[in-house]
Amino acid sequence: MIILGIETSCDETSLALLEISQRKGQLFLNPIKSIVTSQIKIHAPYGGVVPMLSAREHVKNLPIIFQRLARETYGSSKKLKTKVDLLAVTEGPGLIPALLMGVNFSRTLAWAWEKPILGINHLEGHLLSFLLPPKTENYQSSITNPEPHRVQGHKPHVVYGFQAIFPAICLLVSGGHTQLIYLKKISQYQVVGETLDDAAGECFDKGARILGLGYPGGPVIAAEAEKYQKQAAEGITTTIRIALPRPMLNSHNYDFSFSGLKTALLYSWQKLSPIEKNKLRPAFAFELQEAITDVLVAKTLKAAHKYQVSSIILGGGVTANQRLREKFQSVLKQNDKFNLFLPPLEYTTDNAMMIALAAFFHWQKQSLRFPKNSWQKVTAEANLRLS
Ligand code: KG4
Ligand code: ZN
């Protein structure tokens with residue numbers, strides 16, 4: 001089947017086509033095409049996403065991307081209509097003005113095409129994105145000559161099915177969420193820990209603002225931290241010792257807290273002269289990244305041991321962070337108890353492919369009793385939770 005995914009929960013407008021087939025108990029995924037347009041430039045001057053500006057951009061972008069998707073895959077929207085079996089749109093969580101644009105667009109399309117549609121939880125999309133194969137280099141050839149990708153993990157034995165993956169602990173880290181989720185299997189989620197205040201991505205973003213590094217914070221902090229690592233490798237060191245806290249590292253639960261870390265950064269930073277700031281910015285960025293990633297790795301491992309899982313799964317924009325990936329890879333190399341599943345880089349931040357994928361598993365459960373006018377049931381919900 002072919003699923004058209006639509007994602008507009010924050011500042012990315014995205015459409016994707018995903019082909020899924022099942023043979024002999026295996027799942028074959030063929031990501032036909034993914035288009036993601038980012039609004040970073042529009043929001044950057046404000047240091048964060050402005051909801052109404054984002055809604056305006058989604059309205060402008062959706063029809064343009066839709067036409068492009070149709071043209072670059074099957075030649076026309078008429079042809080695309082004949083190919084798509086199911087529509088899937090992000091219902092929440094997210095910014096209401098932004099969500100409404102995607103929901104409205106998708107409901108109208110489902111109604112006009114007379115196709116079924118499912119509303120999807122954005123977090124479930126992030127959580128399942130590790131199943132997606134890296135983007136096909138040449139999507140055209142994958143359409144005319146389907147060459148489906150097997151579901152892949154980091155350990156080859158996992159390709160044979162889902163049994164080896166579950167139970168699992170997923171660390172879901174994005175701009176708005178930081179959660180540890182216990183997965184007994186797909187669709188059975190239990191949040192076992194979460195942030196009590198700021199999300200990890202938010203800490204990167206606010207930290208970058210404090211350090212005068214721009215928006216979004218994750219990639220700029222990572223780039224600045226890399227500068228520091230290069231300097232350190234060349235023997236250039238700082239005389240000032242920079243030590244930020246690792247909040248709740250040793251707490252007896254699986255919750256997080258990042259707002260104190262941000263405040264600690266602010267206080268240390270404010271004490272510096274402009275010359276010192278220029279000199280020490282890379283070192284501060286590095287220490288902030290170390291503090292955030294140390295806590296994320298330690299808490300995830302703690303939960304993985306407690307819940308005796310087979311695997312650790314990562315999902316969400318912050319998992320684009322190379323240092324975080326390296327730390328997980330390195331601790332799990334020493335302790336081979338858990339499989340590690342990482343999303344391909346292009347599916348770490350917001351995208352519609354993960355929404356299409358999540359829809360498949362709901363479709364599997366529902367297809368026999370799917371409501372006729374399913375578009376009437378799709379809504380936007382800012383605070384939608386995983387259940
Ligand atoms: O999942 P996502 O695209 O959107 C939400 O659902 O929130 O995550 C966005 C977050 C932002 O806070 C951004 O700074 C962070 O992911 N991010 C990163 C990196 N790339 C994006 N954080 C750390 N390192 C990165 N390389
Ligand atoms: Zn997201």
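Taking first residues from the range 123-134 that are within 13 Å of ligand 2 (Cβ to nearest atom) and partners that are at pLDDT below 95 and of a type in the set (S, T, N, Q), the Cβ contacts under 9 Å between residues at least 6 apart in sequence or on separate chains come to GLU124/SER187.
Checking the stated criteria, TYR215 turns out to be within 16 Å of ligand 1 (Cβ to nearest atom), part of a loop (DSSP other than H, G, I, E, B) and either within 26 Å of ALA283 (Cα to Cα) or outside the structural domain of ALA304 (by TED's automatic domain parsing) (or both). None of LEU314, LEU296, LEU332 is at pLDDT 95 or above and part of a helix (DSSP H, G or I) except LEU296. On the stretch given as the range 229-248, residues that are modelled with pLDDT under 95 and open to solvent by less than 60 Å² (accessible area, probe 1.4 Å) total 5.
Pairs linking a residue in the range 259-279 that is farther than 30 Å from GLU194 by Cβ to a residue that is assigned to a helix (DSSP H, G or I), with Cβ atoms under 8 Å and 6 or more positions apart or on different chains, are LEU272/LEU280; LYS277/TRP269. Any residue in the range 78-91 that is among the small types (Gly, Ala, Ser), crowded, with 24+ Cβ neighbours inside 10 Å and not in a helix (DSSP H, G or I)? Yes, there is a match, as at least one residue in the range 78-91 is among the small types (Gly, Ala, Ser), crowded, with 24+ Cβ neighbours inside 10 Å and not in a helix (DSSP H, G or I).
Across the range 92-115, the number of residues qualifying as farther than 20 Å from ASN61 by Cβ and either assigned to a loop (DSSP other than H, G, I, E, B) or not assigned by TED's automatic domain parsing to the domain that holds LEU62 (or both) comes to 3.
Say we look at the range 338-387 and pick out the residues that are of a type in the set (Phe, Trp, Tyr) and farther than 22 Å from SER310 by Cα; which of these is nearest to ligand 1 (Cβ to nearest atom)? Walk me through how you get there before you give the answer.
So in the range 338-387, the residues of a type in the set (Phe, Trp, Tyr) come out as 338, 341, 347, 360-361, 363, 370, 375.
Within this subset, residues satisfying the condition of being farther than 22 Å from SER310 by Cα are 347, 360, 363, 370, 375.
Values: TYR347: 10, PHE360: 20, TRP363: 23, PHE370: 28, TRP375: 25 Å.
Ranking the qualifying residues of the range 338-387, first place goes to TYR347.
The values are calculated or read from the model by the stated rules, or taken from the named source; none is laboratory data. Note that the structure is predicted; figures quoted are calculated from it, not measured. Don't worry about glycine lacking a Cβ; one is built from the backbone with ideal geometry, like all the others, and counts go over all protein chains shown. The protein model used for the area step is the full one, side chains on, heavy atoms only, and it has no ligands, DNA or RNA in it. Shrake-Rupley method; radii C 1.70, N 1.55, O 1.52, S 1.80 Å.
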